[in-house]
Amino acid sequence: MALEVKRKQGETFESLLRRFTKRTIQSGKLLQAKKIKYYQKPKTKRERKESALKREDFRKFREHLRRIGKLDEYLEKKK
C-alpha cells in the first residue's frame, strides 16, 4: 500500500515533509524494510559450537601471552 500525503492550501514544503515523515514512521514501513535488509539467518548448532571453541582458544592464547609477558608485543604487532 502506497503512502500518500497531499499538500494543504498554504502549507509550506517543510511542514509537508514533516507530516510525510511522521506518517511514514507511524505506518511501520521503514522498520519493516530495515528488518528485511539486515536479516541474518540464525546460526546452526555446529556453527555456534565452532565459534565458541575459537573464542575459547583465543582467550587461552591471550592468557598464555599475558603470563609470559608478551601480550603487549602481540597487540602492537596486530595494529
Taking the Cα centre of the chain as the origin, how large is its charge dipole in debye, to the nearest 20, when only Lys and Arg (+1) and Asp and Glu (-1) carry charge on their Cβ atoms?
300 debye
Can you pull out the trypsin sites (Lys or Arg not before Pro) in segment 1-54 that DSSP calls coil and that have at most 13 other Cβ atoms within 10 Å?
Lys6, Arg7, Lys8, Lys43
Around Glu50, with a cut-off of 12 angstrom between Cβ atoms, what is the net charge of the other residues, counting Lys and Arg +1 and Asp and Glu -1?
+4
Could you work out how far apart the two model spin labels at Leu65 and Lys8 are, taking each label as a point 7 Å from the Cα in the direction of the beta carbon, and quote it in nm?
6.3 nm
At 18 Å minimum axial length over the Cα atoms and a Kyte-Doolittle cut of -1.0, report the qualifying DSSP H helices in the chain, or say none.
13-27
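Take the chain, mark every one of the chymotrypsin sites (Phe, Trp or Tyr not before Pro) that falls in a DSSP loop and has at most 13 other Cβ within 10 Å, then report the longest stretch left between them, sites excluded.
For chymotrypsin sites (Phe, Trp or Tyr not before Pro) (loop position, at most 13 other Cβ atoms within 10 Å), the longest site-free span of the chain is 40-79.
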By the Cα gyration tensor axes a ≥ b ≥ c (a/c under 1.5 gives rounded; else a/b larger than b/c gives prolate, otherwise oblate), the shape of the chain is oblate
Restricting to DSSP H runs of at least four residues, report the calculated mean residue ellipticity at 222 nm for the chain, -39500 (n - 2.57) per run over all residues, nearest 500 deg cm²/dmol.
-23000 deg cm²/dmol
At Thr24 and Lys41, where each label point lies 7 Å from the Cα along Cα→Cβ, what is the point-to-point distance in nanometres?
3.2 nm
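Read-outs: derived from the displayed coordinates by stated rules, not from any lab. These numbers were taken from a predicted model, which means no experiment stands behind them. Cβ coordinates were reconstructed from backbone atoms using ideal geometry, including for glycine residues, and neighbour counts include every protein chain displayed.
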